[in-house]
Amino acid sequence: MKTRAALAFEAKKPLEIVELDLEGPRAGEVLVEIKATGICHTDAYTLSGMDSEGLFPSVLGHEGAGVVVEVGAGVTSVKPGDHVIPLYTPECRQCKSCLSRKTNLCTAIRGTQGNGVMPDGASRFSYKGQTVYHYMGCSTFSNFTVLPEIAVAKVREDAPFDKICYIGCGVTTGVGAVINTAKVEPGANCIVFGLGGIGLNVIQGLRLVGADMIVGVDLNPDRKAWGERFGMTHFVNPAEVTGDLVAHLVELTGGGADYTFDATGNTTVMRQALEACHRGWGESIIIGVAEAGKEIATRPFQLVTGRVWKGTAFGGARGRTDVPKIVDWYMSGKIEIDPMITHILPLEQINEAFDLMHHGESIRSVVVF
Ligand code: NAD
Ligand code: AHE
Ligand code: ZN
């Protein structure tokens, strides 16, 4: 079949709207009509050419929602007509990682996913006879895409696609980092670095669990009002701090934070986030993705004296189990999504969504098909 898609021909170039060829689902796979997709900073990161797994030409996008159109042989958990959210972190419920109950990082298809192909080693996308790669196992910048059955979460049918697509990455990552990874307790003092599409969801997660102090740190002064809108109690703009930022944050939080979160992807900020933790028990959660070649550093003393460095992918969420629950939380008003979706655009304007992100003018842009 043919599908309209925004194709990344090569790094650093605008996406081009083209008609691709798409093969149907094979055994264990589903064909999904994508109705809406968010644009996450990770898409921009891969398009920048700094992702060590970045492949071109490819169909980017990993924050979608849509409807199952067709299923391949042996598929039992979803059927045509079901509403689904694609999962870049699948949940096979059979691999060592899924069975460990210690991680959400299912390993069933991670190898082929990182190579831009389906589990059988081939791509379903092509353009004028040339292979086009899948991205993060999702490729939601295409109107139709093929996914393994284990990489879709079935969700309720009354939830709006143009809002719940954000649960496919940003919402789940931010809220999940608080609940699943840090396991923040009521009354905690916390600092969130980077108040964008992910960081604001960390903030609303902290409000949800009853954190006391929610400090937001961002270089963009416009983010103060955004943070306050979702529960931030204090705002710090590093550009306005005289002296050392870490010392300022340690003093503000009465000796350091119980939990800090990096949602910038900047390795200098990651160090600041670790060192702004309270001596003896503070935990710092890395959410941001840094470019190939970047490394994090701190004095071992920081860890010897009880600070803990952790990371989180997809907020520690087990997609097929947790994503339908997060959709319920949104539908019941427990978490907010609508105000964070600042721009809705047609596919033809998808490059504007990247510009808005880079200029700090959007929280989340969503493309509707
Ligand atoms: P975004 O562009 O919407 O937000 C980033 C924010 O960080 C902006 O508000 C920006 O002003 C701020 N910022 C940048 N540099 C800063 C600095 N030095 N100090 C303070 N603030 C700074 O991006 P996003 O979509 O929210 O993504 C954030 C990061 O999270 C990216 O690195 C992205 O790749 C990553 N991410 C990780 C996961 C995961 O599963 N671990 C999931 C989604 C996104
Ligand atoms: N290919 C990248 C990996 C970047 C990365 O860490 N991705 C996150 C999701 S970001 C979503 O916006 C993730 O899920 N990581 C776990 C995994 O298995 O990739 C690189 O930098 O090499
Ligand atoms: Zn993402």
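In this view, the solvent-accessible surface of Met136, computed with a 1.4 Å probe and all protein chains in place, comes to about 40 Å². Mind running the shape call on the stretch 174-312? Use the C-alpha gyration tensor, a ≥ b ≥ c as the square roots of the eigenvalues: rounded below 1.5 for a/c, prolate if a/b tops b/c, oblate otherwise. Judged from the Cα gyration tensor, the stretch 174-312 comes out rounded (a/c under 1.5). Measuring r between the beta carbons of Glu251 and Asp355 and using R0 = 35 Å, the FRET efficiency lands at 0.40. Look at the alpha carbon pairs under 8 Å that are at least 6 residues apart: their mean separation over the length of the chain gives a relative contact order of 18 percent. Accessible area per residue (1.4 Å probe, heavy atoms of protein chains only) ranks Lys12, Lys154 as Lys12, Lys154, with the largest value leading. Spin-label model, Asp158/Lys102: points 7 Å from Cα along the beta carbon direction are separated by 4.2 nm.
Think of the stretch 6-115 as a dipole: +1 on every Lys or Arg Cβ, -1 on every Asp or Glu Cβ, centred on the Cα centre; then among Ala73, Ala44, Ile109, Ile109 lies furthest on the positive end.
The stretch between Ile296 and Gln94, if pulled fully straight at 0.36 nm per residue, gains 69.4 nm over its current Cα-Cα span.
Assuming charge only on the beta carbon of Lys and Arg (+1) and of Asp and Glu (-1), the dipole of the stretch 174-312 about its Cα centre is about 240 debye to the nearest 20.
The label point for Gln130 and the one for Trp329, both projected 7 Å from the Cα toward the Cβ, are 4.3 nm apart.
Relative contact order, whole percent, for the stretch 1-129 stands at 24, derived from Cα pairs under 8 Å and 6 or more residues apart.
FRET efficiency for the Thr242 to Asp338 pair, using the beta carbon distance and R₀ = 30 Å, is estimated at 0.20. Would you kindly find the accessible area of Val146, with a 1.4 Å probe and non-protein molecules such as ligands, DNA and RNA excluded, rounding to the nearest 10 Å²? Surface accessible to solvent at Val146 totals approximately 0 Å².
Surface calculation, 1.4 Å probe, protein heavy atoms: Trp226 sits at approximately 70 Å² accessible. Across the options Gly315, Ile337, Gly54, the greatest Cα extent toward the positive end of the charge dipole of the chain (unit charges at beta carbon of Lys, Arg, Asp, Glu) belongs to Gly315. Taking 0.36 nm per residue of separation and subtracting the current Cα-Cα distance, fully stretching the chain between Val67 and Arg110 would add 13.1 nm. Mean separation of Cα pairs under 8 Å and 6 or more residues apart, divided by the residue count, gives the stretch 75-215 a relative contact order of 21 percent. This model, with +1 at the C-beta of Lys and Arg and -1 at the C-beta of Asp and Glu, gives the chain a dipole about its Cα centre of some 1020 debye. Of the residues Met1, Met270, ranked by 1.4 Å probe accessible area with the largest first, the sequence reads Met1, Met270. Cβ-Cβ distance of Ala11 and Asp212, R₀ of 35 Å, FRET efficiency by 1/(1 + (r/R0)^6): the value works out to about 0.20.
The order of Tyr133, Tyr88 by accessible area, most exposed first and with a 1.4 Å probe, is Tyr133, Tyr88.
Of all stretches in the chain that contain no GluC sites (Glu not before Pro) in a DSSP loop with at most 12 other Cβ atoms within 10 Å, the longest one is 158-294. Judged by the ratio a/c of the largest to the smallest principal axis of the C-alpha gyration tensor, the stretch 99-172 counts as oblate, that ratio being 1.5 or greater while a/b is no larger than b/c.
The values are calculated or read from the model by the stated rules, or taken from the named source; none is laboratory data. Just so it is clear, the structure is predicted and the values come from calculations on it, not from any experiment. Because the Cβ atoms are built from the backbone with ideal geometry, glycine has one as well, and the counts that use them run over all protein chains shown. Accessible surface is based on the protein model in full, side chains and every heavy atom, while ligands, DNA and RNA are left aside. Shrake-Rupley method; radii C 1.70, N 1.55, O 1.52, S 1.80 Å.
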